[in-house]
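In what follows, a structure is listed as structure tokens, so that the remarks can point back to it.
The values are calculated or read from the model by the stated rules, or taken from the named source; none is laboratory data. Computed from a predicted structure; not experimentally measured. A quick note on method: Cβ atoms are made from the backbone with ideal geometry, for glycine too, and the neighbour counts reach across all protein chains shown. Remember, those area values only see protein heavy atoms, side chains included, never the ligands or the DNA or RNA. Shrake-Rupley method; radii C 1.70, N 1.55, O 1.52, S 1.80 Å.
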Amino acid sequence: MSKTLTIRYTSDTHGYLYPTSYADMQDRPMGLMKLASEYPHDGNTLIIDGGDTIQGSPLTNLYQRLSPEEKAACLTEDTYGTHPIAAMMNLAGYQFVTLGNHDFNYGVDALLDYLTNLDALCLCANIRDKEGRLPIAPYAVHQLENGLRIGLVGVCTHFVRRWENPKTVEQLVIEEPVPAAKAALEAVKPLCDLTVLIYHGGFECDLETGKPLTASAENQACRMCRELDFDLVLTGHQHMRVDGVHLDNSFAVQPAYRAPHCCGVTVTVEDDGSKRFESRIIPADGRPLESAYNLLMPLEKRVQTWLDTPAGHLDLPLASEDHLKAAVNGSCLANFINTVQLEASGAQIASSALPNEFKGLPTEVTIRDVVSTYIYTNTLVVLEMTRPALKQYIERSAAYFDHDENGSVCISGEFLRPKVQHYNYDFFSGIDYTIDVRKPVGQRVTSIVFEGHELGEDEPVTVCINSYRFCGTGGYDMLPRQKVAREVLTDVADAMIDYITTHPDIHVDTHRYCTVIG
């Protein structure tokens, strides 16, 4: 007689528990609470999360700012531990999770706080801490009520070692995910009827054509489906909705981020061992899980009060913009972020990028406006560069442009598929530079003017970039090779808040630094 496994799978929830984007007070079809209220709880269902769970929302941002006493006071009872995300996951009935790269953003101690308060078992075969404090296992075998034995393995993109604070990376052992997953699979497969990989990483190939989309090893799900023999691969990291796809030896899914839905997967195992997969996207359109809603409300109220705190005044609003128009015509918001970075770092030149989605800043700025606009956990790095390196850096951003069939400038498909990457186009302040889109990629930067003159080949300049860009991801491999002049370990959003509160009347830089031809 056939046996069935049911799965509810989330990934990249990024601390969005309540049904709000925090840009306003509107109730939205999103958030882990709405999903959790619909989860089935029976002996043949597994509830699983794929990482990037404890960072990314104003709720998680504020929580990390609180003292231990303030954190404990934000929960109305201690039955479910003292970490709000762990409490939410426990009430939702999560049984297995893996780690995402952003789960390391607040450091090993913060991750330990989450994991030690979590009922679910954390699986990650390729990352562990050197002291062995983190409760992480490489794999697990779980037997369902119907007798079906499920072997589960977790792995995370190894680019954690490129993106994270070096002090955090020093405390970790980070291995390549493919061989780690293979070794764990070999250990677990003889013990089970069905194998599941929980991979915090995405697809490096076009899912329709199989064509490679990048040479980066950041995402390796296609390789894992091709080379390994997992029955089911639960992916994440890309924030790309994949309802269900057969890839070589595996069936794979991926949910979008901020919990607008979860993936519902059903696997039927026949007596002869054959397997049938069905999947569907389950939207967050129910009522929030009442127990979690009430338990975490003291913290949520504190978040909302903090967000509405006035910060300062701008002489013009910095609204959300069309990404292509901003790249072609310049962005006053990017100019403002660069102004903040220049003051915080003392560098001569600064660069910044705009998120895929952001709120923008009105003239009367609140904390809500800032944290809803600069959504990343980045610090700053100042590099010493000369013209050849700086030109190579700008050339990578210039690859953002392409031409459509009518000859009009458009966004290159490389920045749109398989994942939208507007955040990998950088805006520069402190130089006037020209990009000629008619020229081949890599030969488009025709002028770099610094302090009124064309920058000399050997003329040194200091360039402030964020810590994410310094890791070299997004095609910026030239940056980690540059000499580091200094680091500024203040969070960029905090630097923006400090700048706004200490400059009561801000005149926004409206200069157009980039000229795009063609």
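The residues packed around THR266, meaning those with a beta-carbon under 10 Å from its beta-carbon, carry a net charge of +1 if Lys and Arg are +1 and Asp and Glu are -1. In terms of Cα atoms, the Rg and Dmax of region 425-511 work out to 15.9, 45 Å. The lysines within cross-link reach of LYS301, meaning a Cα-to-Cα straight distance under 19 Å and a gap of 8 or more places when in the same chain, are LYS34, LYS71.
Couplings for region 157-167, taken from phi via the Karplus curve 6.51 cos²θ - 1.76 cosθ + 1.60 with θ = phi - 60°, read 3, 6, 5, 3, 6, 8, 8, 7, 4, x, 5 Hz in order; Gly and Pro are left as x. Please compute the net charge surrounding LEU314, taking Lys and Arg as +1 and Asp and Glu as -1 over other residues with Cβ under 9 Å from its Cβ. Overall, the nearby charge balance is -3. Distances between placed amide hydrogens fall under 5 Å for ASN44 paired with GLU145, all partners being 5 or more residues away or on another chain. In terms of accessible area, using a 1.4 Å probe and ignoring ligands and nucleic acids, THR434, THR60 rank largest first as THR434, THR60.
Every pair of different Cα atoms in region 55-174 enters the Kirkwood calculation, which places the hydrodynamic radius at 15.5 Å.
Evaluated over the Cα positions of region 206-350, the convex hull gives a direction-averaged projected area, one quarter of its surface, of 15.8 nm². Of the residues MET1, MET25, the one with the largest accessible area comes first in the ranking MET1, MET25, computed with a 1.4 Å probe on protein heavy atoms. The rule of thumb for compact globular proteins, 2.2 N^0.38 Å, goes into the C-alpha radius of gyration of region 1-132 1.09 times.
Candidate cross-link partners of LYS3 among the aspartates and glutamates, defined by an alpha-carbon separation under 16 Å and a same-chain spacing of 8 or more, comprise ASP42, GLU145, ASP193, ASP231, GLU270, ASP271, ASP272, GLU278. Ignoring lysines fewer than eight residues from LYS325 along the same chain, the ones with Cα atoms less than 26 angstrom from its Cα are LYS359, LYS391, LYS419, LYS439.
Note on the chain: with neighbouring protein chains present and a 1.4 Å probe, carbon and sulfur make up 48 percent of its accessible heavy-atom surface. Rounded to the nearest 10 degrees, the inclination of helix 492-502 to the longest alpha-carbon principal axis of the chain is 50 degrees. For semi-axes √(5λ) of the Cα gyration tensor in Å, the value calculated from this model appears in [x] 39, 31, 25; [y] 45, 25, 23; [z] 40, 28, 21 under label [z].
Accessible surface for the chain, divided over its residues, is 39 Å² per residue with a 1.4 Å probe.
Amide H contacts of ARG128 (H built 1.01 Å from N, in plane; Pro and chain starts excluded): VAL173 sit under 5 Å, all sequence-distant by 5 or more or on other chains. Within region 11-116, none of the chymotrypsin sites (Phe, Trp or Tyr not before Pro) combine a DSSP coil assignment with at most 15 other C-beta atoms in a 10 angstrom radius.
Normalising the average separation of contacting C-alpha pairs (under 8 angstrom, six or more residues apart) by the number of residues puts the relative contact order of the chain at 15 percent.
Largest accessible area first, the listed residues HIS239, HIS246, HIS158 line up as HIS246, HIS239, HIS158 when surface is computed with a 1.4 Å probe on the assembled protein chains. Each residue of region 412-422 was assigned a 3J(HN,Hα) from its phi angle through the Karplus expression (A = 6.51, B = -1.76, C = 1.60, θ = phi - 60°), giving 4, x, 4, 9, 10, 9, x, 9, 5, 10, 4 Hz with x at Gly and Pro. Using the Karplus relation 6.51 cos²θ - 1.76 cosθ + 1.60 with θ = phi - 60°, the per-residue 3J(HN,Hα) values for region 206-213 come to 5, 6, 8, 9, x, 5, x, 9 Hz, with x marking Gly and Pro.
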